[in-house]
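Participant: My structure is below; once you've seen it, I'll send some questions.
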Amino acid sequence: MVRKELIDKALEACKKYNIKECYPLTIIDYSLPSTKPRLWVLNDKQEVIFNTYVAHGSGSGGVIPDVFSNVDGSHCTCLGLFKTGETYTSQKVGFARRLDGLEKGKNDNTRSRGIVIHGSKYVSKQRGVMNTPQGRSWGCPAVPMQDYKPLIELVGRNHPVYSYSDLYPS
């Protein structure tokens, strides 16, 4: 279950960055290992309407990420508040939704780094059930292939995504 304190932190960040429509609200808790579902989407009643596994960047460490970066080429995951952008399709990742980092110096290079929500075969529910770590991305919150289209459509455009780790509480 998503921790109440993370919901509160996400909503505080939405207020700070003047996001008027906070729902659907996506929260990713990188304090959890990749073997656990750690991405949630909440509705305006703060009910979980979507929960799945999510990869972290290959530069961010092992099963539980311990390095986060906004630097291009780091292949690290970024933390903080993002706003969902437009969708697009590419040969590299297929159908995806762009993210825009809202926090200067923390995640504001997200778009130029190509950090997007997309599906990947290296992330799966089966790996989680078998307690096998998920594969790692180049910093993108990649999700299982069966979840990426419903997730991308559910979160829509101009909605918040809050990425968090207990190692760097903000």
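Participant: Among (1) in contact (Cβ under 8 Å) with a residue 40 or more places away in the chain; (2) open to solvent by 20 Å² or more (accessible area, probe 1.4 Å); (3) touching a strand residue (DSSP E or B) at 6+ places or on another chain (Cβ under 9 Å); (4) not small (Gly, Ala, Ser), which single condition is residue 123 missing?
Facilitator: (2)
Residues are listed down the side, and each one gets a yes or a no for (1) within 24 Å of residue 62 (Cα to Cα); (2) in contact (Cβ under 8 Å) with a residue 60 or more places away in the chain; (3) open to solvent by 50 Å² or more (accessible area, probe 1.4 Å):
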{"position": "76", "(1), (2), (3)": "yes, yes, no"}
{"position": "89", "(1), (2), (3)": "no, no, yes"}
{"position": "101", "(1), (2), (3)": "yes, no, no"}
{"position": "111", "(1), (2), (3)": "no, no, yes"}
{"position": "119", "(1), (2), (3)": "yes, no, no"}
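Participant: When you look at residue 95, is it touching a residue at least 60 places away in the same chain (Cβ under 8 Å) and aromatic (Phe, Trp, Tyr), yes or no? Can you show your working first?
Facilitator: Working: touching a residue at least 60 places away in the same chain (Cβ under 8 Å): no; aromatic (Phe, Trp, Tyr): yes.
The answer is no for residue 95.
Participant: What residue, of 50, 82, is out of contact with any His (no Cβ under 7 Å at 6 or more places or on another chain), outside any loop (DSSP other than H, G, I, E, B) and either surrounded by 22 or more Cβ atoms within 10 Å (Cβ to Cβ) or among the acidic types (Asp, Glu) (or both)? Please lay out each step first, then the result.
Facilitator: Details: 50 fails: either surrounded by 22 or more Cβ atoms within 10 Å (Cβ to Cβ) or among the acidic types (Asp, Glu) (or both).
Step by step, each of 50, 82 is checked, and only 82 is out of contact with any His (no Cβ under 7 Å at 6 or more places or on another chain), outside any loop (DSSP other than H, G, I, E, B) and either surrounded by 22 or more Cβ atoms within 10 Å (Cβ to Cβ) or among the acidic types (Asp, Glu) (or both).
Participant: Considering only helices (runs of 4 or more DSSP H) fully contained in the range 100-170, which possess at least 1 residues that are among the acidic types (Asp, Glu) and under 17 Å from residue 38 (Cα atoms)? Walk me through it before giving the result.
Facilitator: Working: elements: 110-113, 125-129, 145-155.
Passing ranges, in order: 145-155.
Participant: Please go through the range 1-35 and pick out each residue that is outside any helix (DSSP H, G or I) and open to solvent by 50 Å² or more (accessible area, probe 1.4 Å).
Facilitator: Matches in the range 1-35: 1, 3, 17, 18, 20, 21, 23, 32.
Conditions (1) closer than 15 Å to residue 110 by Cα; (2) in contact with a helix residue (DSSP H, G or I) (Cβ under 7 Å, 6 or more places away or on another chain), marked per residue:
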| site | (1), (2) |
| --- | --- |
| 125 | no, no |
| 130 | no, no |
| 135 | no, no |
| 140 | yes, no |
| 143 | no, yes |
| 150 | no, no |
| 153 | no, no |
| 162 | yes, yes |
| 168 | no, no |
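The values are calculated or read from the model by the stated rules, or taken from the named source; none is laboratory data. Just so it is clear, the model here is predicted, and its values are computed rather than measured. Here the Cβ is made from the backbone with ideal geometry for all residues, glycine too, and neighbour counts use every protein chain on show. Just the protein is used for accessible areas: all its heavy atoms, side chains included, with ligands, DNA and RNA removed. Shrake-Rupley method; radii C 1.70, N 1.55, O 1.52, S 1.80 Å.
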